[in-house]
Amino acid sequence: MATEGAVEDYSATGPAKQSPSMNGASDLMKRIMASIASVFHGPPTAIELALIGLATEGHVLIEDLPGVGKTTLAKAIARATGLKWQRIQGTSDLLPSDVIGSVVPVGTDPTGANPQGGSIGSFAKLAFKRGPVFSNVVLFDELNRASPRAQSALLEAMEERHVTVDGSTQELPRPFFVLATQNPADVDGTFLLPQNQLDRFLIRITLGYPTRHNESKILGSEHNSSTKVSHGAVDLLKPVTDIEGVKALINSVSSVFIADGLTEYLLDLIWATRSHPDVLVGASPRAGLAVQKSAKAMALINSRDYITPDDIKSVFLPVLGHRIKLNSSSLYAGITPEAVLISVLNQVPVPIRRQD
């Protein structure tokens, strides 16, 4: 268990009340989660983590076996937020142009002339036809079934938030949020994502099998069309906000306060991953920023405008589990990144909150 560290006041002004705008953001997050939970019967933490991705404009990778609800969760988030969304189905023959778009010929030269030497009536100009990535929410289903070239096209757009085709740069809409699902690497027909591409995702979520109670609901919905868990209910989900509401939520997250002592605590955790004997590549500075952003969103979910150590701990594994790389002897011994991160949390002293 982690030892206790220095005394620290977590809030900006002691035990101050939350501002009205922060209260509105917390309330909105709770309403979005309730809407999603009405059709998705997996773990509540998965809903929280996916919403953290949206609220920070980070991207989320949902990884698990087929048939456990990955696509349902992704679609429910898109529906509940009222944002423009499109879906891309990962297949082995998917081209980069199927993801980001392509330049296509349009119209004809009214004079009948063609500067390229073609026949009369040839196309006179080229125009960019936008691909499905030009949406606020992009659901990329079974990302690791797509070819490496198609994966790279998406992941470049995720990082740069624009695409470049034939020398022309096209900005993506804001907010821009990618929810990708993938099957484990040992499933037939999948392409393993490289480590540097995994790092583009703020959070990785694994769902696991539903509880017996929730699976009973899923089975019962097959013959009960009057219930909200019936087949296709996610497609009927009504939005609880719109694009302006989501933008306000994003701004609220960035305003959440983190005390200096908790910044030092987070740095201690990040540095501990780099010196851990089982780790070959520890968490990067970008990974530390990702933990901090995610912890701010978790604080809002918990109706606070300041971060506590528990916020950092609750996002530490899903943010860093796909970012650190273990050495070969640790992998051979069956040690997992999650086990290493838990040991780091247990070893690094936690600041004690000052009681005013």
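The values are calculated or read from the model by the stated rules, or taken from the named source; none is laboratory data. From a predicted model like this one, the values you see are computed outputs, not experimental measurements. All Cβ positions, glycine included, derive from the backbone under ideal geometry; neighbour counts span all protein chains shown.
Can we say Asp310 is at pLDDT below 95 and among the charged types (D, E, K, R)?
Numbers: at pLDDT below 95: no; among the charged types (D, E, K, R): yes.
Spelling it out, it is not the case that Asp310 is at pLDDT below 95 and among the charged types (D, E, K, R).
Mind counting the residues in the stretch 170-186 that are exposed (fewer than 12 other Cβ atoms within 10 Å of the Cβ) and either in contact with a Ser or Thr (Cβ under 6 Å, 6 or more places away or on another chain) or modelled with pLDDT of 85 or more (or both)? If you could, list the steps in order and put the result at the bottom.
Of all residues in the stretch 170-186, those exposed (fewer than 12 other Cβ atoms within 10 Å of the Cβ) come to 171, 185-186.
Next, only the ones that are either in contact with a Ser or Thr (Cβ under 6 Å, 6 or more places away or on another chain) or modelled with pLDDT of 85 or more (or both) stay: 171.
Residues that pass the stated criteria total 1.
Anything in the stretch 306-326 that is under 20 Å from Ser21 (Cβ atoms) and either free of Cβ contacts under 8 Å to residues at least 40 places away in the same chain or buried (at least 23 other Cβ atoms within 10 Å of the Cβ) (or both)? List them, or say none.
Ile307, Asp311
Mind counting the residues in the stretch 309-339 that are within 29 Å of Tyr10 (Cα to Cα) and among the hydroxyl-bearing types (Ser, Thr, Tyr)?
Residues in the stretch 309-339 being within 29 Å of Tyr10 (Cα to Cα) and among the hydroxyl-bearing types (Ser, Thr, Tyr): 1 in total.
Of all residues in the stretch 16-68, count the ones that are closer than 28 Å to Gln197 by Cα and polar (S, T, N, Q).
2
Kindly provide the set of residues from the stretch 187-208 that are hydroxyl-bearing (Ser, Thr, Tyr) and modelled with pLDDT of 80 or more, ordered by number. Steps first, please.
At the first step, the residues of the stretch 187-208 found to be hydroxyl-bearing (Ser, Thr, Tyr) are 190, 206.
Answer for the stretch 187-208, where residues must be hydroxyl-bearing (Ser, Thr, Tyr) and modelled with pLDDT of 80 or more: just Thr206.
Which of the residues that make up the stretch 5-61 are touching a helix residue (DSSP H, G or I) at 6+ places or on another chain (Cβ under 7 Å), among the acidic types (Asp, Glu) and modelled with pLDDT of 80 or more?
Glu48, Glu57
How do the strands (runs of 3 or more DSSP E) wholly within the stretch 135-218 filter down when requiring 1 or more residues that are touching a residue at least 60 places away in the same chain (Cβ under 8 Å), outside the structural domain of Leu326 (by TED's automatic domain parsing) and touching a His at 6+ places or on another chain (Cβ under 8 Å): which remain? Working first, answer last.
On the way: elements: 137-141, 162-165, 168-171, 177-182, 203-205.
Answer list for the stretch 135-218: 168-171, 177-182, 203-205.
Among the residues of the stretch 278-289 satisfying the criterion of being under 17 Å from Val344 (Cα atoms) and touching a residue at least 24 places away in the same chain (Cβ under 8 Å), which is surrounded by the most Cβ atoms within 10 Å (Cβ to Cβ)?
Per the criteria, the residue is Ala283.
Does the stretch 64-97 hold any residues that are out of contact with any Leu (no Cβ under 8 Å at 6 or more places or on another chain) and not in a helix (DSSP H, G or I), and which are they? Don't jump to the end; show me each part of the working.
We begin by selecting, within the stretch 64-97, every residue out of contact with any Leu (no Cβ under 8 Å at 6 or more places or on another chain); these are 65-67, 72, 82-84, 89, 91-97.
Leu65, Pro66, Gly67, Gly82, Leu83, Lys84, Gln89, Thr91, Ser92, Asp93, Leu94, Leu95 - these are the residues of the stretch 64-97 that are out of contact with any Leu (no Cβ under 8 Å at 6 or more places or on another chain) and not in a helix (DSSP H, G or I).
Can we say Ser329 is in a helix (DSSP H, G or I), surrounded by fewer than 19 Cβ atoms within 10 Å (Cβ to Cβ) and of a type in the set (S, T, N, Q)? Explain how you work it out, then say what you get.
On the way: in a helix (DSSP H, G or I): yes; surrounded by fewer than 19 Cβ atoms within 10 Å (Cβ to Cβ): yes; of a type in the set (S, T, N, Q): yes.
Yes: the conditions hold for Ser329.
For the stretch 320-339, what are the residues that are within 25 Å of the chain's Cα centre (by Cα), farther than 15 Å from Ala287 by Cβ and small (Gly, Ala, Ser)?
Ala339
Which one of these does Asp268 not meet: (1) over 22 Å from Leu61 (Cβ atoms); (2) touching a residue at least 12 places away in the same chain (Cβ under 8 Å); (3) within 18 Å of the chain's Cα centre (by Cα)?
Single failed check for Asp268: (3).
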